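Below you'll find the structure, written out as structure tokens, and then a few comments.
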């Protein structure tokens, strides 16, 4: 993506629904997972509906067949579109003339790969929760499948949907920081500060949650935000990975030194064991001309500290807002936007790309900044390298 396409003078977001304008209707969406008791399921469904670009037409919301059907009925889906399991849903919906066109997957990590592969095999576009897979080999296979299929694949690293995270990306691409030299990214939570498996016990099972709890759960988010904002890839890393809570076996801490492209250096710190902390995702990028800082807990603010000039505090509708951020901003100046809206930005961008693909049109370039299967593969490459480095005593390891 050229810097000009994301950094030209801001223009108002279009008022018409671009999906309806192209298709004459909303996209038909089927949801897999996210039933009763799920946190992420309602987030996905709200995100899909917020901009009115999808109609949720079918669901398989639980691994238990009876609960799956009951949850679909409770959502108001037609009884014959409430399926007992994901594979039955995909076969049934693919056979209908009015069947779902897009599948959203929000299940435990170990099922992302088989469900996403099945969805692509049935011809669906795919929206998938992170991490894309549990292993690097699966990620490589799914990336290849997604690219060969020609279908849209959106991975919901939702923090890249925040307007000011996108403003940071556009400013870096526009050269406003000069050459990127230093990057610090951290994702600090306290939800696992106490011993025990926590609310979602399946995440601590390597067979279901993956080989590293903290890296799969939040480390992939931090890694993607680093790549999203800076446009740089990690070339080498030296990692420490382990547990700080006594008697725990699932990783709750990772600290990593980074060597990035273009001789940039960085550090990466993630934990879920910081007592009292809520959701502290933060990135700082320093270039030859200044520094940007953004925190998820204060998402309306992007601090820009240019070299030899006064510091600036940028907000979504304030002076200097670039098109990539402007497109993602929904409310009047001074009003907060947050987690559901960032999620919805990914769903809306993917919808435009899907509708354009289905009608043979060229999508708005600003709609193409959502994470995809390549990003999922890069995330698993990073997780794999962190594990290998930690097992080697923190040795520098190619990423």
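Each value in this text was obtained by applying a stated rule to the coordinates, not by laboratory testing. Nothing here was measured: the structure is a model prediction, and the numbers come from that model. So basically every Cβ, Gly included, is an ideal-geometry build from the backbone, and we count neighbours across all protein chains shown.
Of all residues in the stretch 223-257, which are under 23 Å from residue 288 (Cα atoms) and not in a strand (DSSP E or B)?
Hits for the stretch 223-257 are 223, 224, 225, 226, 227, 228, 229, 230, 231, 232, 233.
Among the residues of the stretch 133-178, which ones are more than 22 Å from residue 282 (Cβ to Cβ) and touching a strand residue (DSSP E or B) at 6+ places or on another chain (Cβ under 6 Å)?
If the condition is that a residue be more than 22 Å from residue 282 (Cβ to Cβ) and touching a strand residue (DSSP E or B) at 6+ places or on another chain (Cβ under 6 Å), then 146, 151, 152, 153, 154 are the ones that fit.
Can you tell me which residue in the stretch 20-65 is surrounded by the fewest Cβ atoms within 10 Å (Cβ to Cβ), limited to those that are in a strand (DSSP E or B) and under 21 Å from the mean Cα position of the chain (by Cα)? I'd like the intermediate steps shown before the answer.
Applying the first criterion (in a strand (DSSP E or B)) to the stretch 20-65 yields 27-33, 54-60.
From what is left, the residues that are under 21 Å from the mean Cα position of the chain (by Cα) are 27, 29-33, 54, 56.
Details: 27: 24, 29: 27, 30: 27, 31: 30, 32: 32, 33: 24, 54: 27, 56: 22.
So, considering only residues that are in a strand (DSSP E or B) and under 21 Å from the mean Cα position of the chain (by Cα), the one surrounded by the fewest Cβ atoms within 10 Å (Cβ to Cβ) is 56.
Filter the stretch 113-132 down to the residues that are in contact with a strand residue (DSSP E or B) (Cβ under 6 Å, 6 or more places away or on another chain) and assigned to a helix (DSSP H, G or I) and list them by number.
Within the stretch 113-132, 115, 116, 119 qualify.
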